[in-house]
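Enquirer: Structure below; questions to follow.
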Amino acid sequence: MSDLTELYQEVILDHNKRPRNFRKIDQPTHFAEGHNPLCGDELSIFLDIQDDKIDDVSFDGQGCAISKASASLMTARLKGKSIEEAREVISEVRKLLIGPEDSKPDLEALGDIAALEGVKKFAIRVKCATLAWHALEAALEGKSTTSTE
């Protein structure tokens, strides 16, 4: 196993064991629930957006190590970002996880989120990794629920 693969696994395990921003925001400005019917993962995303900036972002729910780590990585990366910056990160994550083989996500821009790159090799796990991101998009669009189906 390469050093990079081991590092990526460590990042995912760390975010699963000690998820960042795993809590509810008392009065979110935006909120959405995401569900992955294939495996039963359920996550809620809470956002406090002020002046087009994500002042706070958190998540709650239950899911596998990959869905929880992905949500944790997402919240850590997006706190303090503008909505436009968040949409750019969403686009890069989409390239990383579900883009065609020739799409090249900006791994440097993704930072620790790049640890999810190996998930693409396991099609059944991609929905776990994208669940939080689907819920984030739904929340930004004013939708209260979404699904990976």
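Enquirer: Could you list, in sequence order, the residues of segment 49-85 that are within 16 Å of residue 20 (Cα to Cα), part of a strand (DSSP E or B) and not acidic (Asp, Glu)?
Expert: Of everything in segment 49-85, those that are within 16 Å of residue 20 (Cα to Cα), part of a strand (DSSP E or B) and not acidic (Asp, Glu) turn out to be 54, 57, 58, 59, 61, 62.
Enquirer: Can you name the residue in segment 1-42 that is small (Gly, Ala, Ser) and exposed (fewer than 14 other Cβ atoms within 10 Å of the Cβ) and, of all such residues, is farthest from residue 68 (Cα to Cα)?
Expert: Pass one, segment 1-42, residues small (Gly, Ala, Ser): 2, 32, 34, 40.
Now restrict to residues that are exposed (fewer than 14 other Cβ atoms within 10 Å of the Cβ): 2, 40.
Values: 2: 24, 40: 13 Å.
Looking at residues that are small (Gly, Ala, Ser) and exposed (fewer than 14 other Cβ atoms within 10 Å of the Cβ), I get 2.
Enquirer: Which residue, of 146, 130, is in a helix (DSSP H, G or I), among the polar types (S, T, N, Q) and surrounded by 15 or more Cβ atoms within 10 Å (Cβ to Cβ)? Let's see the steps before the verdict.
Expert: Numbers: 146 fails: in a helix (DSSP H, G or I).
Sole residue among the options that is in a helix (DSSP H, G or I), among the polar types (S, T, N, Q) and surrounded by 15 or more Cβ atoms within 10 Å (Cβ to Cβ): 130.
Enquirer: Could you check, for segment 20-27, whether at least one of its residues is modelled with pLDDT under 95 and more than 18 Å from residue 112 (Cβ to Cβ)? Don't jump to the end; show me each part of the working.
Expert: Keep residues of segment 20-27 that are modelled with pLDDT under 95, which gives none.
No, every residue in segment 20-27 fails to be modelled with pLDDT under 95 and more than 18 Å from residue 112 (Cβ to Cβ).
Enquirer: Based on what the data block shows, is residue 45 surrounded by 20 or more Cβ atoms within 10 Å (Cβ to Cβ) and of a type in the set (Val, Ile, Thr)? It would help to see each step written out before you state the result.
Expert: Working: surrounded by 20 or more Cβ atoms within 10 Å (Cβ to Cβ): yes; of a type in the set (Val, Ile, Thr): yes.
Spelling it out, residue 45 is indeed surrounded by 20 or more Cβ atoms within 10 Å (Cβ to Cβ) and of a type in the set (Val, Ile, Thr).
The values are calculated or read from the model by the stated rules, or taken from the named source; none is laboratory data. Everything quoted here is computed from the prediction, not taken from an experiment. Quick reminder, even Gly has a Cβ in these numbers, built from the backbone with ideal geometry, and neighbours come from all protein chains shown.
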